[in-house]
Amino acid sequence: MLYFSSCEKLFHFGEAYSDTVPMSTRTLQSLARPREPQSFQDSPLSQAMRQPLMLGVFLPLQTGGWSQSTLPRGTDWSYAYNLELTRAAEELGFELAFGLSQWLPKGGFGGATHYRYNFLDPFVSAVALAAATRSILLFGTIHILYGWHPMHLAKFLATADHISGGRFGANIVTGYAASEPPMFGLLRPEHDRRYEMAEEFMAICEDLWAGDDNLSFSGEHYTLEGAYVSPRPTFGRPLLVSASGSPAGFAYAGRHSDLVFTSSPAGERYEDAVAALPAQVDAIKQAARKQGREVKVLINPTIVSRPTRKEAEEYYHAIMEHADLESIANFTGRHSAGDSQSWLEHSARGRAVGGHVHLVGSPDEIVTQLGGLHDAGIDGVQITFYDYLPELAFMGEEILPRLERAGLRLPTPATVA
Ligand SMILES: Cc1cc2nc3c(=O)[nH]c(=O)nc-3n(C[C@H](O)[C@H](O)[C@H](O)COP(=O)(O)O)c2cc1C
């Protein structure tokens, strides 16, 4: 303690510095709340939200992306590949690019594909991508309960917010996997308890982005004394996303998130997903409305499209026939050892294609299916492809113009990376 106070004095040049902490300790209920990015008309988030159906790319920052199949393809986890992909998506007018996070032991999920053996950190990658793009929103996933303190997140996100000009967001996850917390020397708290911890964590961050003064706070899980974060985020606070299929997760999202990812409550078949989604989407949006807020709901489809339905189905079946069953068994084993309330109905073999719902067909059929998701209440899609770069290009040529004609997309100005 002595060491730190003497260092602070050595490096202090400003008027406002104080090495005593006179302010009163705040309670959870009295913490300040920032303005929301969607309340600024010109914020990047508000611009993205004007699209009837927002488009995002779920980045393959990890070996094998989202698909556990050995069918040959060019998808690659490298930063160079992800940069090219993000820029291509931005040029097509996509609003979002997003990276997931898992903490895996040596070998990832193994199998013939060495699924997720290499895994770039999504937060660091998204910051780098923000510096290399101009309009697309970038999201990195962060397990906030794995040793982070709210000061770290508040400061790092405020910095990423300034680097990106208000385009940076965090996907806040609480960690469902049983094998992850021990990597950090931690025990995993019970499912709903984790969301309570996340609630306190994020309420503190929000005060650090918006409060008038240094923050002293002593809560159930976190303590701060004389804490302050500057510069303040450009549009009230950085963008916040969360991903959940549970009531506790919806309640957290309703209070803090701008965008909520959900999975299909009925498995990956399109027909089952669109039938089950309206109730799920409604529950998420109602949880936000109880807080006087509005959230947008996103889902993650994998799009498998070819010029004709026959070709698309042949391609889909070829991916499935090359399923990497060993890595799929390891993946589903890890998932069922966890306590996630998402993906409960997804089939093991469907993991060969990946994603929360499979959209298969000609460009016209894909537009019909995307329209069906939109009718089910979905505001945006975070898309995965089997072979990302060529399939994104195909989407740009064949699917995007049809989406505009169908009224699901407004024309976007071309951007230069
Ligand atoms: C679209 C989507 C993306 C997710 N991304 C991640 C991720 O990158 N890392 C992670 O640990 N969990 C991720 N999750 C899991 C959720 O954060 C959450 O832990 C899980 O759904 C369990 O919470 P729940 O029981 O509230 O559904 C994701 C979930 C969804 C639906």
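The values are calculated or read from the model by the stated rules, or taken from the named source; none is laboratory data. Values in this document were obtained by computation on a predicted structure and should not be read as measured data. Positions of Cβ are backbone-derived with ideal geometry, glycine not excepted, and every protein chain shown enters the neighbour counts.
Determine whether the stretch 152-168 contains at least one residue that is within 28 Å of P34 (Cβ to Cβ) and of a type in the set (D, E). Yes, that holds for at least one residue. A single member of A158, A154, A130 is of a type in the set (A, V, I, L, M), at pLDDT 95 or above and out of contact with any Lys or Arg (no Cβ under 8 Å at 6 or more places or on another chain), and it is A154.
Among the residues of the stretch 149-162, those that are surrounded by 14 or more Cβ atoms within 10 Å (Cβ to Cβ) and of a type outside the set (S, T, N, Q) comprise H149, P150, M151, L153, A154, K155, F156, L157, A158, A160, D161, H162. Whether any residue in the stretch 340-349 is without any contact (Cβ under 8 Å) to a residue 40 or more places away in the chain and not aliphatic (A, V, I, L, M) is what I want to check. So far as the stretch 340-349 goes, yes, one or more of its residues are without any contact (Cβ under 8 Å) to a residue 40 or more places away in the chain and not aliphatic (A, V, I, L, M). Taking the criterion of being within 20 Å of A376 (Cα to Cα) and more than 9 Å from the ligand (Cβ to nearest atom), no residue of the stretch 242-252 qualifies.
Would you check which residues across the stretch 395-410 are among the basic types (K, R) and touching a residue at least 60 places away in the same chain (Cβ under 8 Å) and list them?
Across the stretch 395-410, the qualifying residue is only R409.
For the stretch 21-39, the criterion of a residue being assigned to a helix (DSSP H, G or I), under 19 Å from the mean Cα position of the chain (by Cα), within 20 Å of I383 (Cβ to Cβ) and not basic (K, R) is satisfied by no position. If you take the residues of the stretch 366-414 that are outside any helix (DSSP H, G or I) and more than 23 Å from the chain's Cα centre (by Cα), which of them is surrounded by the most Cβ atoms within 10 Å (Cβ to Cβ)? Ranking the qualifying residues of the stretch 366-414, first place goes to A406. Screening R167 on (1) of a type in the set (K, R); (2) within 12 Å of the ligand (Cβ to nearest atom); (3) within 28 Å of Q47 (Cα to Cα) shows it passes everything except condition (2). For the stretch 236-248, the candidate set comprises residues that are modelled with pLDDT of 95 or more and buried (at least 23 other Cβ atoms within 10 Å of the Cβ); within that set, the residue that is farthest from F139 (Cα to Cα) is R237. Of the numbered criteria (1) at positive phi; (2) without any contact (Cβ under 8 Å) to a residue 24 or more places away in the chain, the one G355 fails is (2).
With the requirement that a residue be more than 16 Å from the ligand (Cβ to nearest atom), hydroxyl-bearing (S, T, Y), more than 14 Å from S125 (Cα to Cα) and free of Cβ contacts under 8 Å to residues at least 60 places away in the same chain, what does the stretch 43-101 give you? Matches in the stretch 43-101: S46 only. Does R306 qualify as being surrounded by fewer than 18 Cβ atoms within 10 Å (Cβ to Cβ) and either of a type in the set (G, A, S) or in contact (Cβ under 8 Å) with a residue 12 or more places away in the chain (or both)? Here the answer is no, as R306 does not meet what is asked.
Every listed requirement among (1) aliphatic (A, V, I, L, M); (2) buried (at least 18 other Cβ atoms within 10 Å of the Cβ); (3) more than 13 Å from the ligand (Cβ to nearest atom) is met by A275 save one, (2).
Yes/no matrix, rows are residues, columns are (1) out of contact with any Ser or Thr (no Cβ under 7 Å at 6 or more places or on another chain); (2) in a helix (DSSP H, G or I); (3) crowded, with 24+ Cβ neighbours inside 10 Å; (4) not hydroxyl-bearing (S, T, Y):
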position: R73; (1), (2), (3), (4): yes, no, no, yes
position: W77; (1), (2), (3), (4): no, no, no, yes
position: A80; (1), (2), (3), (4): yes, yes, no, yes
position: L83; (1), (2), (3), (4): yes, yes, no, yes
position: A89; (1), (2), (3), (4): yes, yes, yes, yes
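The single condition among (1) crowded, with 21+ Cβ neighbours inside 10 Å; (2) away from the ligand (no atom under 13 Å from the Cβ) that E200 does not satisfy is (1). Of all residues in the stretch 171-197, those being in contact with a Gly (Cβ under 9 Å, 6 or more places away or on another chain), among the aliphatic types (A, V, I, L, M) and within 11 Å of the ligand (Cβ to nearest atom) number 1.
Being buried (at least 17 other Cβ atoms within 10 Å of the Cβ), of a type in the set (S, T, N, Q) and over 18 Å from the mean Cα position of the chain (by Cα): is that true of T113 here? Considered against the rule, which asks whether it is buried (at least 17 other Cβ atoms within 10 Å of the Cβ), of a type in the set (S, T, N, Q) and over 18 Å from the mean Cα position of the chain (by Cα), T113 comes out as yes. Checked against (1) of a type in the set (A, V, I, L, M, F, W, C); (2) over 22 Å from F139 (Cβ atoms); (3) in contact (Cβ under 8 Å) with a residue 12 or more places away in the chain, L187 meets all criteria but (3).
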